[in-house]
Structure formats: C-alpha cells, structure tokens
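Everything below concerns the one structure shown next.
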Amino acid sequence: MLKSGSNRATVLLTVWLLTLIGSGCVATGSNGFFGRTQPPARNVLRYVSGPEPETLDPQLSDGQPEARIQMALFEGLVEYGPKDQQPIPALAKRWDISPNMDEFLFHLRDNAKWSDGTLITAQDFVYSLRRGFAPETISRTAGLGYFVKYSEAYKSGLAFVKKDGKFLLANDADAVDPRRSQRVGPETEFNTFIRSPERLTVEGDEAKRAKQLAADPKLAEAVNGAEFVPVTAEDIGVEAIDDRTLRITLRQSAPFFLGLFAHQFFRLVPKHVVEKYGKNWTRPENIVTNGPFKVKEYRPYDALILEKDPNYWDSANVALDGIEFFPVEELSTMMNLYKSGDIDAMQNHAIPTSWIDEIKQYKDEYLNFPEMSTAYYAFNVTKPPFNDIRLRRAFQAGLDREALSSFRKVTQPLYDMSPTGVFPEYDKARQKVSEAKRNEKNASEAEWSRYGKFDLELAHKLLAEAGYPVTKTAAGYECPNFPTEKVSILFNTGANNRSIAEFVQSQWKQNLGITIPLKTMEFKTFLVQFKSLDYDGIAQLLWSGDYMDPYSFLNLEYGKTNEGGSGFYDPKFDKMMDDANLELDPQKRYETLALAEFYLMEQVPVVPLTVNSTSWIKKPYIKGMYPNPGTLIPWKFVYIERDRAKWDREVVNIMTTPDPKVEKQLSELTSEQKATR
Amino acid sequence: MLRFILRRLLIIIPMALLVVTLTWGLIRLAPGNFYSGEKKLPAAVEAAIRKKYGLDEPWYKQYGMMMANVVRGDFGDSLKYPGQSVNEIIRRHLPYSATIGILAYFLALFVGMLAGTYAALKQNSVFDFGPMALAMLGLSIPNFVIAPVLVILFAFWLYVFPPARWGGASSLVLPVVTLAAVYAAYIARLTRAGMLEVLRSDFVRTARAKGLDDRTVLFRHAFRGGILPVVSFTGPALAALLAGTVVVEKVFALPGLGDIFIKAVLNRDEPLVLGIVAFLSILIMVFNLIVDVSYGFLDPRIRYE
Amino acid sequence: MADSYEKVAGQSLWGDAWKRLKRNKLAVASMCFLGILIVAVLVGPSIIYWTTGFTYDLTPAEKEMVRSFPPSLQHPMGTDDQGRDMLARVLQGGRISLMVGIISTFVSLIVGVSYGAIAGYLGGKIDNVMMRIVDVIYAIPYILIVIVLLSVFGGPNTPHWIQWLSTTVGGAGNQGLSQLFLLFFALGLVSWLTMARVVRGQILSLKNQEFVMAARATGVGTFGIVFRHLIPNALGPVVVYATLTVPSVMLTEAFLSFLGLGVQAPYASWGSLADIGIKNLAIFPWQLVFPGVTMALTLFSLNFLGDGIRDALDPQTRKF
C-alpha cells in the first residue's frame, strides 16, 4: 500500500525537479555585472536602509537608517550635498552668516509647500525648533543643537536670575567681547535680547535649585534674594523676522554649524498636523511631509513605500516616481536581494567581509570610499595597568595597523582620532602641523614616518620601563610579568568586531608576548560596562560623526565626562579645543584643532584602528547616487538610466566623474547662494 | 473531562501573569535600558524620559502600574518604536509568523510521520536507514546553514523562488521548507520510536491475529498510540512556530514576530517584551492543554482524575 | 523476595542489552567512530602542536599568510580567515561542543526524566503543579535569562568560586573559559523541560498497565515503581529524545555565542565554526564543509548508537 504511494511521489518529484531545472535555464546571465542587472519596470528605486526605522518623526529618531528615510520625507533649511555632504540650499534659497559665525540669516523660498498644500513659512521653523528643544520632547539628538542660544537652558528647565530689575550674567568677560555685536540682518527687539551677553541660568525646579546652591556657596550668595524667571521657548535663539526670513543665533561661534542644519533634528515638522494628532501624527493616514517624496503605504518591517510629492517646490527636478525602503538587517540577505535584482542599492558597509574579494571585481557597482567614522580601542585610563602612559604607548606601538587594515580589506589604517580622507582641508592642516612638530623634535623623515605607528623596539623598551620586560624566545616573545588576568578586550556582538579583536589579540601576542583575553557582550550590557568604565583594560568603540567636522570626533575626549570611553580628561587638551573654536578663520581653526589632536594622540587615550569604508554596491543604471562620507543620499538627484550606453561603465572614480545631469541640477540649486557670496 | 479542561483554562490567566511578573523582574535585572545608546543622551532628555515612563517611582509602584495595565490587556506603547502600541504590533505581525508557522507545521507533520511510520514498518532495512539518515541530516544541519544553501540552489541556480522578503506564495516556499526541515526530522525520529513500541504491543499483535489487513491495523490501532511522543513534542513546537522563528525571519527578511521579539529583548523594550511573552505563554499553555486532552483520546489507558 | 527478583532482572537486562548491542553493526561502528573522535579531540590538538606547531589560535606572523587557504598537506582542512589551522580549530571546537552536548544531555536525563516520571506517576494535583512550573519556565524568554545570568555572573562581578573554577580548570589567563561554566548552567536550565514532558506522557500511559499494578500489589514503594519499573519501560523514547537533545543543544550554543555567552573568541565550537563557515560558503567552502561534516558524522553516530541502545534495551526486539 505504501509502495504505490511512494511511486507516485517519486514521479511527482521527478517532474517537479525537471520543471525547476527547465526554468533555471531560462534565467539570464549578467554580462559583467553582479547578479541580475535590469532596471525596474517602474521608475521607482528599491533601497535597503538597514533596520526598521524607529519612527518617521525626524526630531525623535537618531539613527542613520532613519536619517536616510527622513531625507526623502522632510526637508530642512539646507540639504547634504550628494558628493561631499556639504550643505546645499534646500528650503532656504540662500543665507548670510555673521562675521564671527554665531548667527545665520536664512532666506526661505516663496513656493515651498507641505504635502497637503499648506505654505511653509519661517514660523514653521520657529515651531519645529521650539518643539525639538521643549523639555517634554524626547529627542535623542537635541544635544547637537545646544549651540543654539539658551536651547540647553530651555530643554533642561533652567531659569534666568533677575536681581534688582537686571538679569545676572553668566560671564562678566562676555559683556566686553566686541565681536558679539556684529549681527546679521535687521535689528529687532528679540535680536537685541538674544545678542546681549549671556545670562546666568540656574535650576528652574526649586528642589533642584536648592541642591545646586547648597553645593556652590558663591553662586548662592550671588543669587540671594533674586527672582527666578524660567527660560521659555520664546527665549531660544530662533526668530522669524518675517514669513520668509529666519534668523538663528548661537551662544558662541561654530563654523561647522551650517552643515548641522541638514541633520534630521533641524528638519521641519508640520505644526498643524503635530498639534492635531499628537503622537499619532506620523501614522501613514495622518502624516504630512515637505520633502521630495511622501508616504504612500507603510507596512512596518516589510516596506515603506514613498511616492513623488507634486506639492514639493522642486518636484520638476525629482527624477524618481517613488522609493521603496525595505528594512533588512542581515548583510547576506541584502546581498541576495541585490544579486537577484530585487533591490537597486543599499546602506553603507553592507558587504560582508568574505564577499569583498568577489564584489571588488564589479568596479562599476562597488563603492569603496572613506567614511566619516572610526573604529578604535579605548584604554581604561582610570584603572591599572593602563593608567600608565608608557604601557598605552607600548601597546599602540606593538600593533601593526597596516596589517590590520589589509586584513580587513576595505579599510585604511588610522593613526588619529578623526578619520583621514573625509575632511580634505583638515587633512592639509594636519599635514602642516605634523611637519612643524617634526622640525620641533628634529626628527628625520624616516623616524617621523614611524612616529606613533608600528615600532616594535619602542614597544619593548616602553614595556621594560614600565616593569614588564619582554624576552625573546624561539617561538616569538614572552612577557611573563604582565598581568593578563587584569585586562581584556571588550567588544559587542556587532558585525566585524570579533575578527578585529582576534586579529589584534594575535598581533599583541606575537609582537609583545602578551595574550589579552577577549570578551564579547550583547550591546546593552556592553554599553553599561563601557560607559561606567567598569571594563578591564581595553574596549572597542565604533564612532560615526554627527556633522562634517573633525570636532565631532575630537569632542569625544573633551571635558570631564566625555563619550570617549577612556575616562580621559586633560585640561590642557580642553584649552586647545576651546582656542580652536574661538578661531574664526577656517584654515587657522583647523590648524589649531590639528594641534590639539596631535597633543591628544601623544597621550594615547585610545588606539585608533581604521578609517572605515562606505563599502556598498549599487546597480550601474542607478545614477546621481554617491558614496558620500555618511552615505546620506539626497534623493532628488537619483535617477534610473534606461539607456544602457549611459550606465556606469569603467568608472575610475565615481566622485570625480562628472554627471552632466547632476552637475546642472546642483549648479541651478546653488546659483542663488553663490551669487550672494 | 470537561471539568478538567475548564480548570486548566482558568489557571492559564494567573499563570500568564506569573510569567509576566518574572519576565518583568528579569528585564529590570538586565543591564542597560531602552534609551541607552552609543551616543550620550542629554541629561535633560534622560530626565524627561524617566519622568514620562515613571522610572523615578519606587519599583513596587511601577510594578503595580504595569500589572494594572496588563490585567486590562493593555500593554501600552512600544518604547523603541514610539507611537506604535504593543497590541497593534502583535496583531499586525502575528499573521505573518502564523502563516509560515502553520504551513511548516503541517509540512513537518506530514513528511515526518510518513517517513517515521514507513521506517518503523521496514525496521532495519534500507527504507528505515534512508529516511532516518535524511532526518538526521535535517537535524544536524542548523537552519542558518539550510536557509542560505536553499537560497543559493533555488534563488540563484534555478531562479524559481525569490531569495528573501514577503510577497506571494512563491516567497513562502523557502522559509517554510527551512523551518519544516528540523521539525520534520524530529517528528520522523519520534514517530519511528513510538511506532516501534506500539507495533510490538499486545493489542496490535491481537489485531493482526484477528486477520485484519496491514492498513487497518496501522491506522485504526497502531497509529494512535504510536504518535504519542510526537504529540507531546508538537504541542509546544506549534506554539513556538506560531510565534515565529528568529533565524528564518532574519535570513528571509520576513516581518514576523520572532525577530521582533528578540530585538525587543535586546532593546529592553519592556512593554513589547511583556506583551509578546504574555501572548506566547497563553499560547503555549493552551497547546499543552490540547496535548494533554488528546493523550486521553489517543491512548485510552491514560485517565485524568 | 522482591529484592532478589530485582537483582536478577537488573543484571540480565544490562548484560543482555550489551550483548544485543554488540551484534548491531551500525551501533558498533558508531561507537568506534565516537571513541576515535573523543580521543582525537582530547589528544589531537597537542599532537598537532608538537608536530607542526599549529594551534587553534595561532595566527601566522607573515602578513600574506593571514587569509583563508584551501586544504593542503600542511593544513588538511585549510585555514580560516585569520590563517589559523582549521583542523586544530575543529578539534578544539569538538571539545567544547561535545562537552556542551554531554553535559546538557546528562542534565536532561537526570532532571528531566525523574521530574517527568514523578509528575506522571503521582498525577493529580502534584502533576498539575509540577507541569505548570515547567510551563512557566518554558514561557520565560530564554535570552533574557541568559542576559541576566551574564550580567550577574559575567564580568568583574563573577562570583569567586566561578573564577576559581575557571582558572583552575582552564589555566591562568583563560578568562574565556569562565564563560563556559555559565554556558553549561544556562543550557542545563532549559534542556530538561521537553524531556520532562515526553517522559510524563509515556509514564501516563504506562502507569495503569498490569506490571505496575503487580509491582504495587507486591508492596514496592513509589520510588521503586518509578525508577525500577516505569522509567526502564519508557527508555525507548527517552534514548531517542536524548539523542535529539544533542544537536539542538549544540545549536543553542551557537546562538548563545551570538549573545556573547557562548564560547569566547578565539575559542570555537562546531556551531560557531558553522556560523562563520556559512557566511563564507561561496568563497571558502572548506570553512563550512569540515566542521559541518564532523558535526554531522558525530550526530549520525550518536543517533545510530541511540537507536542501537533503544533496540538493545527492548526485550521484545528480535535480531536476525
């Protein structure tokens, strides 16, 4: 009885297999491209931006995957440039900056509308910023905007101090700084207030204030008998001069701040919708946007489908009819979808390490460019043994980072805190500082090329000085004194961390004779140990910059409670950083920063490992999409090229190869701003 | 029997609440919280978060608030995905996992029981070792290996199924097969063992002696007792399948509950974790009840007092 | 009288079983394979080290050698991404995977079988309470338990006795091994749950049979009935289920490595080797094939051995 059944099954199976093989033969090959390469039937880009976005609200999210989606949906004053990520005009058609770079005057477009047809005015920006800085708004990125005057005070619920009818000042010296008076734009009542010397602020909450004053008798005396006026939304440095003119005032000069206005935190949210629907305003049925695209359909964890917004002011220049964002996290799944032609492009560092050798052959698709992010190993400088700078130097000198980056295949070795190759002007300043230091130390070119890099002799010498002599054995080196049980390399379970750690471990084992145990942890557990400086010895951090300036990286070691994870604090370094920010000439500022960075690297709070690479692929028919340092893509430049002759073919460097369409679009967009300069 | 079922059904609610309580305690013990991230949160923002979610209150108050909501069946909003309620997330993503899970379950049952029975009937022959070796293969190859191999075979060599993502019947084939492979192997092994046991028991011998043909003996008598071990395995298995399986959902980028759940734990998204755990525990207990009840039907020797 | 009866029965049961097992060719072959494997895993790494100098964590000093090479005379299983000898890694991984498998199966046999048998035999309220406890443990998210375990026992807060144990057993500086004890604990915690359920089901159907009643009539106590009469009769499914536990535990271990609780790099296990191997399948197939085949063969033999034991324990089996 079972026999006849199995016979039937065998026949069915055979037929099925034959069908499979038959249909397999019909499938087409690839002609020099990776996988199926056929432009999609519809004029729609299919893109993987990483995991499911936390929210569509630009001010509440902080990740890169969200940023990319929000760039399609919401526009701000400026937008990231497609290639260099430098600010280009968006809702602001042009702008003026005050001479000491602490005030911005934006001239808005007349024809900018929300997706529901409502006109966009300067008041919308005032509302958005006040919303972002409101104490009840849980915005993870609000800290980036703290340069906006009194925004931190407002967010933190602080209060001004009024004594004898006058507000106390934060800093008496501030009052006499002559540069403070140079405003941009017309004089208004608000501007006079916001540009007046910074007022003193104390805790607004009575209980907290009592605590604050108890801890600071001098302050308590100064505010004794004073009246406390809470800092309100109206006090922060943003002003709508008229419907089309917006002015933003910072508390100090910040030359890099213009670029920050493209960050999702500074993108516009619709007042009329947010106030109507509250937390539900981003639901697909309620959401109103102002970017080149609007939400058509949203299936969480499956697809976010956008369509071109005809109400967008520049919709004539939006090439795509829509974008489909697919949330995918597994790198190999991303690659599979790309290979089968189901997606056209993807997020950054998407290529699994083992695929790289194969993918590298597809030069027209593979985008390997330096990224605005670094990977480093932080030393816990608050605990022995790495509170000893000699040891930190020894471990730095004992690691061959050339070898590490060639092992990682896509990255470049890094010897500084901020990545190289991302800020071209800063790289020049760094070069100059390095040259000056070489002359200062009277070092030869050859010596200098090894300075701060792989240097075995130095490493052994320093170890011996610190009390851990290294001896040579038949198999390599040995360092019997070193307390390996007191240290470990801590890293989280993220993608390549394990192989980096294994590589570094074996390097130190070979070069120094010290085997440091490895320790993996799930991300949140890792964070607790890392942030509380509870870890032993060494921990890994991957940091991506928030804005296009080396300050975003150097800031990691600035101040007493910094985010660098080393527990490093050096007033001298902080002073150098402050000096740099007072410098108004961009080139001089960079040089001052480079000097600070050089000093920092001599203290070795961390061993920088690599400059990461963008490392993603796009189909050759997708044009106008570039691997900029943050892989933040302004979507309106992207188009699908159906003429095979115009596909990316044998492109040497996509960044320097001009695309007439993109160049034209870009020059039209920036012409008005350029004319004012 | 009815009273037994009723009693067991009633106890499910307090049990689920116990599970929720224990889970809540574990989340609180786990290091980190939902808002901790690589980048430092401004102090004011952290304070606002703590206030909003009542994290400043003493723990028993927080527990009380949580339980009060849970008893009402309201788990609140996800912490990681603000603006999405937990109930909504479960309702939205359960159908995806359930579709894949149920399909895989029946595929596994069908293939597994067929192979297991066949192997038991032909014990120690090629027809025994063949299917059993295959079953062992299914068991010893992890599904994170099976899935990519299937993708290479069927998506890239044969171009018959899409390599990932939800969409149409053809996209379900590879995930369902991947998921079913392990369970089919389990079921085949358990069926074979159970059947061997039963085929040698007295009542089967009696049935054969009465002159009944193989088919009748097999399906009327032996089968019911033989699949007993399978039944106690498949109860919890079905519950687990319904709630989604992480690996398959990850590899095939499917919007199922399993992956969402793991991420919720890793993100310390407390309401979402509690919601899914409560749902899952009820599911498991209901299926276990069904298993226990079906024992009585399958094997008359089992009685519940 | 009951005592002497049991003694005789016990001896003949095991002695008989052994005789029958020896006649099963497949089971014997499996036993041989497992024996060889265990020896290889125990002494193999040292032999490789003495003859060639390779170890599971030895990365070559030359930059060009730090990449994956296909199998050769020098490296019979090739090398991994870091240029480490795969054979040494597979053998070292075998130590951990086998240990994980054996310990979890042991726990599931001891705890799961007795728990399930007692619940099933006693029945009623006790059964109900015991099985509901299993339900609750089963329903609590496993990975949450693991994360909490890791934070309580991992890192600088690890209790001294675990640290002592790991440095004594693993040797000084082998912090990676202290995690292993946590791993065994975490796996043991859940590996017995389904076993308890399976056994209980079996016992429920056995306990009303004549031989149990007979034993009860002759005055055998609860303990005696459960452990001398019921469990031996339920051994078939138990052995089969035990062999099923091994692969699932080995895979759970791979999943736990992902959470940071499994083996710590540079140690490896078969699960973690397969996990890396599958990612490199298209380019370096040997990274998956060798650990995969070793693991599959091991599980195969375990399984055939399990079947053999099951058949051998079954007095009704007729061998020809």
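The values are calculated or read from the model by the stated rules, or taken from the named source; none is laboratory data. What you see is a predicted model; the values in this text were computed from it and never measured. Positions of Cβ are generated from backbone atoms using ideal geometry, with glycine treated the same way; all protein chains shown enter the neighbour counts. Calculation scope for accessible area: heavy atoms of the full protein, side chains included, ligands and nucleic acids excluded. Shrake-Rupley method; radii C 1.70, N 1.55, O 1.52, S 1.80 Å.
At a Cα cut-off below 22 Å, give the lysines reachable from C:Lys22, other chains included and same-chain residues fewer than 8 away excluded.
Cα-Cα hits under 22 Å: B:Lys122, C:Lys319.
Rank-order A:577-587, A:118-128, C:182-192, B:40-50 by packing density, defined as the average count of other C-beta atoms within 10 Å over each peptide's residues, highest first.
Result, highest mean Cβ count within 10 Å first: C:182-192, A:118-128, B:40-50, A:577-587.
Using a simple charge model, +1 on the beta-carbon of Lys and Arg, -1 on the beta-carbon of Asp and Glu, nothing else, what dipole does chain A show about its Cα centre, in debye to the nearest 20?
Value, rounded to 20: 1300 debye.
For the range B:82-106 and the range A:544-589, write down the distance between their C-alpha centroids in whole Å.
Each part reduced to its Cα centre gives a spacing of 47 Å.
Find which of A:Tyr150, A:Pro230, A:Leu250 sits farthest along the positive direction of the dipole of the range A:87-266, computed with +1 on the beta-carbon of Lys and Arg, -1 on that of Asp and Glu, about the Cα centre.
Farthest towards the positive pole: A:Leu250.
Rounded to the nearest 20 Debye, what is the dipole magnitude of chain B about its Cα centre when Lys and Arg each give +1 and Asp and Glu each give -1 at the C-beta?
It comes to approximately 380 debye.
Pairs of alpha-carbon atoms within less than 8 angstrom and 6+ residues apart define the contacts here; what relative contact order does chain A have, in percent? It would help to have the intermediate numbers written out before the result.
Working: 1239 pairs, mean separation 130.1, N = 677.
Answer for chain A is 19 percent.
Pick out, in residue order, every one of the trypsin sites (Lys or Arg not before Pro) in the range C:41-104 that is DSSP loop and has at most 15 other C-beta atoms within 10 Å; say none if there are none.
Sparse-neighbourhood loop trypsin sites (Lys or Arg not before Pro): none present.
By its C-alpha gyration tensor, with a ≥ b ≥ c as the square roots of the eigenvalues, how is chain B shaped: rounded for a/c under 1.5, else prolate for a/b larger than b/c, else oblate?
Oblate, because a/c is 1.5 or more while a/b does not exceed b/c.
Please work out the FRET efficiency for the pair A:Glu672 and A:Glu275, using the Cβ-Cβ distance as r and a Förster radius of 45 Å; give the result to the nearest 0.05.
0.85
Could you give each residue of the range B:32-49 its phi-based ³J(HN,Hα) in whole Hz, using Karplus coefficients 6.51, -1.76, 1.60 with θ = phi - 60°, and x for Gly or Pro?
3J(HN,Hα) across the range B:32-49, in whole Hz: x, 9, 5, 9, 6, x, 4, 8, 5, 8, x, 4, 5, 5, 4, 4, 5, 5.
Across 10 Å bins from 0, what is the distribution of all Cα-Cα pair distances for the protein assembly as shown, in whole percents?
1, 8, 15, 20, 20, 16, 10, 6, 3, 1, 0, 0
By how many nm would the segment from A:Thr471 to A:Thr656 grow when fully extended, if each residue of separation counts as 0.36 nm and the alpha-carbon distance is taken off?
61.5 nm
Mind listing the long-range amide H neighbours of A:Val611? Cut-off is under 5 Å, sequence gap 5 or more, other chains count too, H placed in the peptide plane at 1.01 Å from N.
Under 5 Å from the amide H of A:Val611 lie the amide H atoms of A:Gln412, A:Leu414, each far enough along the sequence or on another chain.
If you take the charge dipole of the protein assembly as shown about its Cα centre, with +1 on Lys and Arg Cβ and -1 on Asp and Glu Cβ, which of C:Gly120, A:Ile489, B:Ala239 is farthest toward its positive end?
Final value for the positive-end residue is C:Gly120.
Heavy-atom accessible area of B:Arg205 with all protein chains present, probe 1.4 Å, nearest 10 Å²?
Only protein atoms counted, so the area is about 130 Å².
Can you tell me which aspartates and glutamates have their Cα less than 17 Å from the Cα of A:Lys308? Leave out same-chain residues fewer than eight positions away.
The qualifying aspartates and glutamates are A:Glu75, A:Asp116, A:Glu285, A:Glu297, A:Asp321, A:Glu324.
Would you mind checking the pairs A:Lys619/A:Lys661; A:Lys383/C:Lys63; A:Lys636/B:Lys263; A:Lys619/C:Lys279; A:Lys149/B:Lys51; A:Lys211/B:Lys52 and listing those with alpha carbons more than 29 angstrom apart?
A:Lys383/C:Lys63; A:Lys636/B:Lys263, as the Cα separations exceed 29 Å there.
How large a share of the accessible area of the protein assembly as shown, in percent, is made up of carbon and sulfur atoms when the probe is 1.4 Å and the other protein chains stay in place?
On the way: 31920 of 52460 Å².
Taking all protein chains in place, the protein assembly as shown shows 61 percent carbon and sulfur surface.
In square angstrom and rounded to 100, what buried accessible area do you get between chains C and B, total over both, with the probe at 1.4 Å? Can you show the working numbers first?
Values: alone 17320 and 17290 Å², together 29440 Å².
The summed interface area works out to 5200 Å².
Per-residue Cβ counts within 10 Å, from other chains only, averaged over B:41-51: what number is that?
Taking the mean over all residues of the peptide, I get 6.
Sort A:38-44, B:261-267 by the packing proxy (mean of other Cβ within 10 Å over each peptide's residues), most packed first.
Order by mean packing, descending: B:261-267, A:38-44.
Considering every residue in C:240-246, what mean count of other chain Cβ atoms within 10 Å of its Cβ is obtained?
Values: counts 8, 7, 0, 4, 9, 0, 2.
Mean number of neighbouring Cβ atoms from other chains: 4.
Quick one: if the Förster radius is 56 Å, what FRET efficiency do C:Ile283 and C:Lys25 give, using the C-beta to C-beta distance and rounding to 0.05? Write down the numbers at each step before the final one.
Working: r = 40 Å, r/R0 = 0.71.
Calculated transfer efficiency: 0.90.
Need one number: nm distance between label points at A:Glu136 and A:Ala443, each 7 Å from Cα along Cα→Cβ, rounded to one decimal.
5.7
For A:Tyr477, which sequence-distant residues (separation of 5 or more, or a different chain) have an amide H within less than 5 Å of its own amide H, given hydrogens modelled in the peptide plane?
A:Gly513
Please list the non-local residues whose amide H lies under 5 Å from the amide H of A:Lys296, H modeled 1.01 Å from N, same-chain partners needing a gap of 5 or more.
Residues meeting the criterion, in which the H sits 1.01 Å from N, are A:Ile305, A:Leu306, A:Glu307.
Helices from chain A with mean Kyte-Doolittle at least -0.5 and a Cα length along the axis of 30 Å or more, per DSSP H: which?
Values: long enough: A:2-26 (36 Å, 1.03).
For chain A, where a helix must reach 30 Å along its axis and average at least -0.5, the hits are A:2-26.
Based on alpha-carbon centroids, what's the gap between the range A:628-676 and the range A:354-398 in Å, whole number please?
Value for the Cα centre distance between the two parts: 31 Å.
Towards the positive end of the charge dipole of the range B:2-71, with charges on Cβ (+1 Lys, Arg; -1 Asp, Glu), say which of B:Met67, B:Ile12, B:Ala43 has the farthest Cα.
It is B:Ile12, whose Cα lies furthest towards the positive end.
About the Cα centre of the protein assembly as shown, what is the dipole size in debye to 20, counting +1 per Lys and Arg Cβ and -1 per Asp and Glu Cβ, all else neutral?
Here the size comes out at about 4580 debye.
So between A:Ala41 and A:Ala495, what do we pick up on full extension, going 0.36 nm a residue minus the alpha carbon distance?
Separation in residues times 0.36 nm, less the Cα-Cα distance, equals 160.0 nm.
Could you tell me whether the range B:152-305 comes out rounded, prolate or oblate from its Cα gyration tensor? Rule is a ≥ b ≥ c as square roots of the eigenvalues, rounded for a/c under 1.5, then prolate if a/b exceeds b/c, otherwise oblate.
Since a/c reaches 1.5 but b/c is at least a/b, the shape of the range B:152-305 is classed as oblate.
Just reorder A:Phe228, C:Phe54, B:Phe110, A:Phe573 by solvent-accessible area, largest first, 1.4 Å probe, all chains present.
Largest accessible area first, the list is B:Phe110, A:Phe228, C:Phe54, A:Phe573.
Once you've got the Cα coordinates, tell me which of A:Lys360/A:Lys453; A:Lys524/B:Lys80; A:Lys339/A:Lys618; A:Lys294/A:Lys664; A:Lys363/A:Lys623 are over 19 Å apart.
Correct reply: A:Lys360/A:Lys453; A:Lys294/A:Lys664.
I'd like the mean, over residues of C:279-287, of how many other protein chain beta carbons sit within 10 Å of each residue's own Cβ.
That works out to 4 on average.
Can you work out the accessible area per residue across the range A:87-266, with the rest of the protein chains kept in place, probe 1.4 Å, in square angstrom?
Details: 7420 Å² over 180 residues.
Result: 41 Å² per residue.
So what's the net charge close to A:Val223: Lys and Arg +1, Asp and Glu -1, counting the other residues with Cβ under 14 Å from its Cβ?
Surrounding charge for A:Val223 is +2.
FRET efficiency for A:Asp570 and A:Lys383, Cβ-Cβ distance as r, R0 = 22 Å, nearest 0.05? Don't skip to the end; give the middle numbers.
Values: r = 17 Å, r/R0 = 0.78.
Efficiency for this residue pair is about 0.80.
Taking 7 Å along the Cα-to-C-beta vector as the label spot, tell me the A:Asp585-B:Trp59 distance in nanometres, rounded to one decimal.
That separation, rounded to one decimal, is 6.1 nm.
Please work out the C-alpha center-to-center distance from the range B:15-52 to the range A:101-126 and express it in whole Å.
Answer, in whole Å: 38.
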